[in-house]
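Undergrad: Quick one: the structure is below, questions incoming.
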Amino acid sequence: MFLIFINNRDCGTTNWLLKFADDGKLFGKVQSDLDTISFQEDLQKLLDWAKEWEMKFDVEECKVMRIGNSNKNSKYYMDKKELEKAQEEKNLGVLITNDLKASSQCVQARNKTNRVLGMIHRTIIYKTKDVLLRLYKSLVRPHVEYCTPVSSHCYQKKTSY
């Protein structure tokens, strides 16, 4: 029912709006003053939609991320509050950075797997090969494989952890 309620949330916006449940990402190419104005107008349309449907945006949670070097350093506002600029943001468990490099995501996955491996080491007494393999496949491997391009040769670099 909620999805039906919010499905018209992007009516009238000129930029793209990705929706996932109660979350949304407005994005587009901003290379000129007209693009900046268009983006700000879309933000206002979303605020107007929320007001019409008696909903509120948590403006403190709304952020702007600029990707690339040619972006204008424009300021955007919602409810007369300037939106915070973000260097990285987590979306559905994936860490996205403004340089679109995957190294932060890989470090995050490594840290999670190390914590899980430490927990297994501290708490499991009966450590047979079969038990450890099952624990690895169910608790560790999902963190390594979830949206982590570790196996891609273009992301490999020499680092010491």
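Derivation of every value follows stated rules applied to the coordinates shown; laboratory data play no part. Keep in mind that what you see is a predicted model, and the values were worked out from it rather than measured. Quick reminder, even Gly has a Cβ in these numbers, built from the backbone with ideal geometry, and neighbours come from all protein chains shown.
Undergrad: Which of the three applies to segment 48-102, rounded, prolate or oblate, going by the alpha-carbon gyration tensor with a ≥ b ≥ c and a/c under 1.5 meaning rounded?
TA: oblate
Undergrad: So who's got an amide H within less than 5 Å of the one on M78, skipping anything under 5 residues away but keeping other chains? H placed 1.01 Å off N, in plane.
TA: Residues meeting the amide H criterion: L83.
Undergrad: Which aspartates and glutamates have a Cα lying under 12 Å from the Cα of K137, excluding residues fewer than 8 positions away in the same chain?
TA: E145
Undergrad: Report the paramagnetic label zone for K75: residues of segment 29-44 whose backbone N is under 13 Å from a point 7 Å from Cα along the Cα-to-Cβ axis.
TA: none
Undergrad: Would you grab the residues whose amide H sits under 5 Å from the one on A86? Only those 5+ places off in sequence or on another chain, please, with H modelled 1.01 Å from N.
TA: V64, M65, R66
Undergrad: Kindly state, to the nearest 0.05, the FRET efficiency for I37 paired with K90, given R0 = 22 Å and r defined as their beta-carbon distance.
TA: That pair, I37 with K90, gives E of 0.15.
Undergrad: Once you've got the Cα coordinates, tell me which of K75/K101; K29/K101; K81/K112; K25/K112; K80/K112; K25/K81 are over 28 Å apart.
TA: Working: K75/K101 24 Å; K29/K101 19 Å; K81/K112 35 Å; K25/K112 26 Å; K80/K112 39 Å; K25/K81 18 Å.
Flagged as over cut-off: K81/K112; K80/K112.
Undergrad: Multiply the residue gap between M55 and T123 by 0.36 nm, knock off their C-alpha separation, and tell me the result in nm, one decimal place.
TA: Value of the extension gain: 19.9 nm.
Undergrad: What FRET efficiency comes out for the pair D48/V144, r = Cβ-Cβ distance, R0 = 45 Å, nearest 0.05?
TA: 0.55
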